[in-house]
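The values are calculated or read from the model by the stated rules, or taken from the named source; none is laboratory data. Keep in mind the model is a prediction, meaning the values are calculated, not measured. So basically every Cβ, Gly included, is an ideal-geometry build from the backbone, and we count neighbours across all protein chains shown. The area values use the complete protein model at the heavy-atom level, side chains included, leaving out ligands, DNA and RNA. Shrake-Rupley method; radii C 1.70, N 1.55, O 1.52, S 1.80 Å.
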Amino acid sequence: MDIVSAKINSNFRDSFTHSTAVSKDGTTIGYQSIGKGPSLIVIHGALSTSNDFTKFAQELSDSFTVHVMDRRGRGWSGPQGINYTINKECEDVKSVQEATKATYVFGHSYGGLVALEAARTHTFKKMAVYEPGVSIKSTPTEWDWLPEYEKDMNKKDFRGAFASFVKGAAHSPLKKLPKWYAKFILRLVIRGNHWNQIEKLLPENLIEHREVKRLASTFSNYQMIDTNVLLISGGKSPDSVHQMIRVLDETISLTQTLILPNLDHLAPDNKYAPVEVAQHVKRYLLS
């Protein structure tokens, strides 16, 4: 990295402020903030932290004061806790909402599921979710990968656990490959600091996807959401994702849908296409 780039990145980091809120069970929830205008909470996905959504937040910061949460078990926040359920996450969102007076929320993947669950009881003016982690059906074989994931974790085969997750989550073409080959490819393309973060979050990811399984086919509960919701998906994502979006569109009363043709599940993350996603979110929230 040259000196100019290093200075730009340093100034970018310095533009964020860090704060904490205390959730109902006493857990500290950290968040970093940037921008000016009405407050917007950003809720990241399962294998992410607030640091993965800084570019997304920066793109929104000319119109909103953006508060990127560290979900429990990550960053500036406390641990998941032994009694973890997604209700704890909803209480965490509420604590940050009360601290920031936020009227808008964005969630990605598991963070999108948290946002939808929170919207059942919390009041937001508008929200946007990018491919929320909602399961609309639960067949006996659909969750076969969860015990395999847990078995790999118990053996400390973290690469194997990650391969089980990537194949089971079905957001990648690797789903169709033998596990040993998917594991090999993932080892080649995900290395260094990126892998270190994923490896650290594999235990939390396992627990969170048990919650996704528990909530499978409970999407009818979202009929009670009276917030305006933008449902976003990437055109490169599998048909199962688009089917889930269609079901949510039929279930939630005040919705708009948006497909971004050239993007996939990971688009809002810093490493992919956060600016494009943020531009569409901004346009919707300001409309």
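Can you find a residue in segment 20-27 that is among the hydroxyl-bearing types (Ser, Thr, Tyr), at pLDDT 95 or above and over 14 Å from Ser95 (Cα atoms)? Taking every residue of segment 20-27 in turn, none turns out to be among the hydroxyl-bearing types (Ser, Thr, Tyr), at pLDDT 95 or above and over 14 Å from Ser95 (Cα atoms).
Of all the numbered requirements in (1) touching a Cys at 6+ places or on another chain (Cβ under 8 Å); (2) open to solvent by 50 Å² or more (accessible area, probe 1.4 Å), Val114 misses one, and that requirement is (2). Being buried (at least 20 other Cβ atoms within 10 Å of the Cβ) and either under 30 Å from Lys151 (Cα atoms) or of a type in the set (Phe, Trp, Tyr) (or both) narrows it down to one of Glu208, Glu204, so name that one. After applying the criteria, what remains is Glu208. Right, Arg187: touching a residue at least 24 places away in the same chain (Cβ under 8 Å), more than 19 Å from Gly45 (Cβ to Cβ) and open to solvent by 70 Å² or more (accessible area, probe 1.4 Å) or not? Spelling it out, Arg187 is indeed touching a residue at least 24 places away in the same chain (Cβ under 8 Å), more than 19 Å from Gly45 (Cβ to Cβ) and open to solvent by 70 Å² or more (accessible area, probe 1.4 Å). Total residues in segment 246-273 satisfying the condition of being under 16 Å from Gly45 (Cβ atoms) and either outside any loop (DSSP other than H, G, I, E, B) or not hydrophobic (A, V, I, L, M, F, W, C) (or both): the figure is 7.
For segment 60-71, a residue qualifies if it is open to solvent by 10 Å² or more (accessible area, probe 1.4 Å), farther than 23 Å from Glu208 by Cβ and either among the hydrophobic types (A, V, I, L, M, F, W, C) or not in a loop (DSSP other than H, G, I, E, B) (or both), and exactly one does: Thr65.
Tell me the residue from Ser253, Ser237 that is closer than 16 Å to Arg120 by Cβ and either in contact (Cβ under 8 Å) with a residue 24 or more places away in the chain or in contact with a Gly (Cβ under 8 Å, 6 or more places away or on another chain) (or both), please. Step by step, each of Ser253, Ser237 is checked, and only Ser253 is closer than 16 Å to Arg120 by Cβ and either in contact (Cβ under 8 Å) with a residue 24 or more places away in the chain or in contact with a Gly (Cβ under 8 Å, 6 or more places away or on another chain) (or both). I'm trying to understand the selection: among the residues of segment 246-268, which are open to solvent by 10 Å² or more (accessible area, probe 1.4 Å) and either under 19 Å from Ala170 (Cβ atoms) or among the charged types (D, E, K, R) (or both)? Across segment 246-268, the qualifying residues are Arg246, Val247, Asp249, Glu250, Ile259, Leu263, Asp264, His265, Leu266. In segment 11-59, counting only strands (runs of 3 or more DSSP E) that sit wholly within it, the ones holding 2 or more residues that are more than 23 Å from Glu204 (Cβ to Cβ) and open to solvent by 10 Å² or more (accessible area, probe 1.4 Å) span 28-35.
The lone criterion from (1) under 19 Å from the mean Cα position of the chain (by Cα); (2) surrounded by fewer than 18 Cβ atoms within 10 Å (Cβ to Cβ); (3) over 30 Å from Thr20 (Cβ atoms); (4) of a type outside the set (S, T, N, Q) left unmet by Lys167 is number (2).
Could you tell me whether Gly160 is surrounded by 14 or more Cβ atoms within 10 Å (Cβ to Cβ), more than 25 Å from Leu263 (Cα to Cα) and not hydrophobic (A, V, I, L, M, F, W, C)? Write out each step before concluding.
Values: surrounded by 14 or more Cβ atoms within 10 Å (Cβ to Cβ): yes; more than 25 Å from Leu263 (Cα to Cα): yes; not hydrophobic (A, V, I, L, M, F, W, C): yes.
Yes; evaluated as a whole, the condition is true for this residue.
Only one entry in Val277, Val281, Val229, Val241 is of a type in the set (Val, Ile, Thr), more than 20 Å from Val42 (Cβ to Cβ) and either open to solvent by less than 20 Å² (accessible area, probe 1.4 Å) or in a helix (DSSP H, G or I) (or both), namely Val241.
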